[in-house]
1. Within segment 96-133, work out how many residues are under 24 Å from Asn55 (Cβ atoms) and open to solvent by 60 Å² or more (accessible area, probe 1.4 Å).
2. So which residues in segment 10-40 are among the aliphatic types (A, V, I, L, M), more than 10 Å from Ser138 (Cα to Cα) and modelled with pLDDT under 80?
3. If you check Thr36 against the conditions, is it polar (S, T, N, Q) and over 19 Å from the mean Cα position of the chain (by Cα)?
4. Which members of segment 140-166 meet the condition of being over 23 Å from Gly42 (Cα atoms), in contact (Cβ under 8 Å) with a residue 60 or more places away in the chain and assigned to a loop (DSSP other than H, G, I, E, B)?
5. What pairs come out if I take residues in segment 107-132 that are of a type in the set (Asp, Glu) and pair them with residues that are open to solvent by 70 Å² or more (accessible area, probe 1.4 Å) whose C-beta lies under 7 Å away, six or more apart or interchain?
6. Identify, by number, the condition in (1) surrounded by fewer than 18 Cβ atoms within 10 Å (Cβ to Cβ); (2) under 30 Å from Asp59 (Cβ atoms) that Met158 doesn't meet.
7. If I filter segment 59-92 down to residues being loosely packed, with under 11 Cβ neighbours inside 10 Å and polar (S, T, N, Q), which single residue comes out as farthest from Pro186 (Cα to Cα)?
8. Return the residues of segment 180-202 that are at pLDDT below 80, surrounded by 12 or more Cβ atoms within 10 Å (Cβ to Cβ) and not in a loop (DSSP other than H, G, I, E, B); say none if nothing qualifies.
Amino acid sequence: MSVFEKFRKSGITESTTKSLLLNAAVLYKDLIYNQTEKKWSGTLLGATSGGTKVNISSDYQEIEIDGAIVKVEGLTQKQGEEGSIEANLVEVTEENLKMAIVGEERESDVEGYSLIETKALLEKSDYIGNIAAVGTLSNGSPVIVIMSNMLCTSGLEMDTKNKDNVVMKVKFECHAGFEDAHDTLPIRIYYPKEAAGREEMLIYTQSDLEALTVSQIESLAAERGYTLTGSNKDEKIASFITQQDGGEK
């Protein structure tokens with residue numbers, strides 16, 4: 001504990017500028033860390049609009065004791081917890097629609113179209129292995145929140161407006177697995193150690209990069225110190241992947 005003679009007028013310290021969480025988090029599905037290669041891999045869930053909301057909260061019960069008319073330390077007991085991730089997806093894809101309505105693809109009676117319908121019973125396949133929200137600190141390091149066994153519980157809600165793109169409002173809730181402890185949820189937060197001094201790189205696949213704009217690819221490359229070559233998107237993606245794999249920068 002620090003000893004000081006007077007109070008400061010601000011809580012700003014030398015570490016403040018390195019600890020700011022900037023911009024909207026990026027959402028990944030089935031994000032895993034390869035212990036051998038020391039690299040992350042996963043699938044982008046899709047582009048979002050308006051940011052991402054991550055909620056981890058505990059439920060408490062106050063034990064009532066005669067004579068105690070205020071809350072007393074030790075008499076507040078944790079009775080459970082909740083975890084969820086909410087976002088506005090701007091990509092209205094077949095997979096996102098199936099996920100939102102907990103539906104399945106059926107045989108279509110219209111040529112050129114897939115048919116998606118709701119179903120009565122949940123199946124194990126309706127749960128997503130994990131969803132990760134990856135934010136970036138002002139020092140360039142990622143903060144990673146991973147919630148497992150995620151189910152989209154929001155249903156499908158879309159507002160259509162002239163001169164505006166449609167967004168899908170989705171909420172994913174975390175569930176304990178059969179083999180998990182059933183008094184906590186499978187939620188993990190990875191925060192970078194200052195001593196590490198480097199960012200664990202997320203591995204972007206060809207399809208991940210194709211889902212981004214050229215500007216987004218160039219921005220991501222700049223953050224990693226890559227110098228992209230090529231005059232079009234395909235060539236820039238190829239250059240990005242080469243450097244990501246350890247090729248010439």
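The values are calculated or read from the model by the stated rules, or taken from the named source; none is laboratory data. Only a predicted model underlies this, so the values are computations on that prediction, with no experimental measurement involved. Every residue, glycine as well, gets a Cβ built from its backbone with ideal geometry; the counts of neighbours run over all protein chains shown. Remember, those area values only see protein heavy atoms, side chains included, never the ligands or the DNA or RNA. Shrake-Rupley method; radii C 1.70, N 1.55, O 1.52, S 1.80 Å.
1. Residues that pass the stated criteria total 2.
2. Going through segment 10-40, the residues among the aliphatic types (A, V, I, L, M) turn out to be 12, 20-22, 24-27, 31-32.
Narrowing the set further to residues that are more than 10 Å from Ser138 (Cα to Cα) leaves 12, 24-27, 31-32.
The answer is Ile12, and nothing else.
3. Working: polar (S, T, N, Q): yes; over 19 Å from the mean Cα position of the chain (by Cα): yes.
Judged against the criteria, Thr36 is a match.
4. Step one: of segment 140-166, the residues over 23 Å from Gly42 (Cα atoms) are 154-166.
Still in the running and in contact (Cβ under 8 Å) with a residue 60 or more places away in the chain: 154, 158, 165-166.
Scanning segment 140-166 gives Ser154, Asn165, Val166.
5. Close Cβ pairs (under 7 Å, with a partner that is open to solvent by 70 Å² or more (accessible area, probe 1.4 Å)) amount to Glu117/Arg106.
6. Just one mismatch for Met158, condition (2).
7. Gln77
8. Leu202
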